[in-house]
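Below you'll find the structure, written out as structure tokens, and then a few comments.
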Amino acid sequence: MDIKRNILLNPGPSTTTDTVKAAQIVPDICPREKEFQSIMAPMREDLVKIVHGGDDYTSVLFCGSGTICIDVVLNSLLAEGKKALVINNGSYSSRAVEVLTYYGLPFIDLKMPLDKSPELDIIEMTLKRNRDIGYVYMTHHETGSGLLNPISEVGALAHRYNAFFITDTTSSYAMIPINVYEDNIDFCMASAQKGIMGMTGLSFVIGKKSLIEKSKDFPKRSYYCNLYMQYDFFERTGQMHFTPPVQTIYAAKQALIEYFEEGEEAKWARHQRIMEAIHKGEERLGLKEMLSRDVQSGLVSCVRYPDDQNWDFDKVHDYCYERGYTIYPGKIESQGTFRLCALGAIDAPDIVGFWKVFEEALDHYDISVPVRYEA
Ligand SMILES: *Cc1c(COP(=O)(O)O)cnc(C)c1O
């Protein structure tokens, strides 16, 4: 297949292999056929296997981008009379707060600094003072900044106060090794276009079966985005309740084969290698990051705009884009940042190629190297 290979340094969708792209081209099939169901059943098991869950965990597939899972878990898993606790230290946990607001559900928005690991004492105090918290919600990796959150510790706290622990692992799943038992996870989630390096349109919630079954009696607040309804339909029929993203599922099937071939450890090592190459180029050009290294995920580097009168993100972006490299604006309001992400089917030499083009762009627009910062 002769398809141009673009290096996506944006936070997903990520660069895919040609074999994953090609897997989408299949004979037309009605997804209600047994042949199609025979793809989804092992896929559901594989998705649980990636986070080392046993028979007590299951995965439930949805047709949509990753945000559908945020919507599903937040609205489906809150029992009557309970409230949600959102640890809010980035743009994705802010999204969770918005979802809860739109549903009109009771919640505590626990705002924490965006560039530091959250203080566990404050989280514990909040749980202690609010005995009606049904679940604690935290984003594992805040993709907007690159901050990694301590899910295992927060999961343990949630359990100590009899709350479920839900974590959005969309931008860490199948990249940073996760173990649902050691990380005290009741529910996590991801979408096919990030860690597993598939196509957009398939997302999944992985969670404890017993809790999903318990949620049968929780108020139903959405018809399309209800976790129990989707789970129950799968269990009874082997199918998604509504039309699945057929070709995306074929791509995900291939992506999972490639995931297990590469292996959890080797894949994480590759992501780290990519980030090392990103950091190396930043150091060479004098680019400064928003977050200190000790709180970074290792998957996203959030770079401050240089204080150079000639710096123009859009121009530098376009220069790189035209040469096959995509960089992405940051999500930290009030500060000019862009992001370089270590997702996808790329490796360190791709980053070396990127820095060469990036430096050319700086030169082309008369931006001084090493880059300058006022403070
Ligand atoms: C990408 C991402 C999502 C999903 O975003 P979509 O645009 O709906 O795909 C959710 N949470 C996190 C942390 C993410 O990085």
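The values are calculated or read from the model by the stated rules, or taken from the named source; none is laboratory data. Everything quoted here is computed from the prediction, not taken from an experiment. Glycine also receives a Cβ, built like all others from the backbone with ideal geometry; neighbour counts cover every protein chain displayed. We work out accessible area using only protein heavy atoms, side chains counted, and drop any ligands, DNA or RNA first. Shrake-Rupley method; radii C 1.70, N 1.55, O 1.52, S 1.80 Å.
Points worth noting:
- Burial ranking of peptide ranges 189-198, 347-356, 286-295 (average Cβ count within 10 Å, highest at the top): 189-198, 347-356, 286-295
- Residues whose amide H falls under 5 Å from that of Ile108, counting only those 5 or more places apart or on a different chain, are Ala84, Leu85, Val86, with hydrogens built in the peptide plane.
- Residue-wise HN-Hα coupling along the stretch 247-252, computed from phi with Karplus coefficients 6.51, -1.76, 1.60 (Hz; x: Gly, Pro): 5, 5, 6, 4, 5, 5
- Modelled spin-label separation between Asp347 and Ala269, with each label point placed 7 Å from Cα along the Cα-to-Cβ direction: 1.2 nm.
- Its residue count N fixes a reference of 2.2 N^0.38 Å for the chain, and the Cα radius of gyration divided by that reference is 1.01.
- Pairwise label distance in nanometres, Arg131 with Arg284, each label 7 Å out on the Cα-Cβ vector: 6.1
- Kirkwood radius and radius of gyration were both taken over the C-alpha atoms of the stretch 275-375, and their ratio Rg/Rh is 0.92.
- Built amide H within the under 5 Å cut-off of Ala345, gap 5+: Thr15, Thr16
- Computed about the Cα centre, the dipole magnitude for the stretch 264-364 is approximately 240 debye when only Lys and Arg (+1) and Asp and Glu (-1) carry charge, each at its Cβ.
- Three-way shape call for the stretch 61-116 based on the alpha-carbon gyration tensor, with the a/c threshold at 1.5: oblate
- Each peptide in 250-259, 28-37 was scored by the mean count of other Cβ atoms within 10 Å over its residues; highest first, the order is 250-259, 28-37.
- For the stretch 170-213: rounded, prolate or oblate by the Cα gyration tensor [a/c cutoff 1.5]: oblate
- The peptide list 240-249, 263-272, put in order of mean Cβ contacts within 10 Å with the highest first, becomes 240-249, 263-272.
- The stretch 332-375 residues near the modelled Lys21 label - backbone nitrogen below 13 Å, point 7 Å along Cα→Cβ: 345
- Placed amide H near Val300: partners under 5 Å, 5+ positions off or other chain: Ala342
- Approximating the spin labels as points 7 Å out from Cα along Cα→Cβ, the Asp28-to-Asp55 distance works out to 4.2 nm.
- Too-long pairs where the Cα-Cα distance tops 29 Å, listed order kept, from Lys194/Lys315; Lys83/Lys267; Lys21/Lys214; Lys82/Lys208: Lys83/Lys267; Lys21/Lys214
- Subtracting the Cα-Cα distance of Gln335 and Asp121 from 0.36 nm times their residue separation leaves 74.2 nm of extension gain.
- Within the chain, helix-based [θ] at 222 nm, where runs of 4 or more DSSP H residues each add -39,500 (n - 2.57), nearest 500: -12500 deg cm²/dmol
- Surface per residue (accessible, 1.4 Å probe) for the chain, Å²: 42
- GNM top mover of Thr237, Thr167, Thr326 - the chain, alpha-carbon springs below 10 Å: Thr237
- Within the chain, percent of DSSP bridges classed antiparallel, to nearest 5: 55
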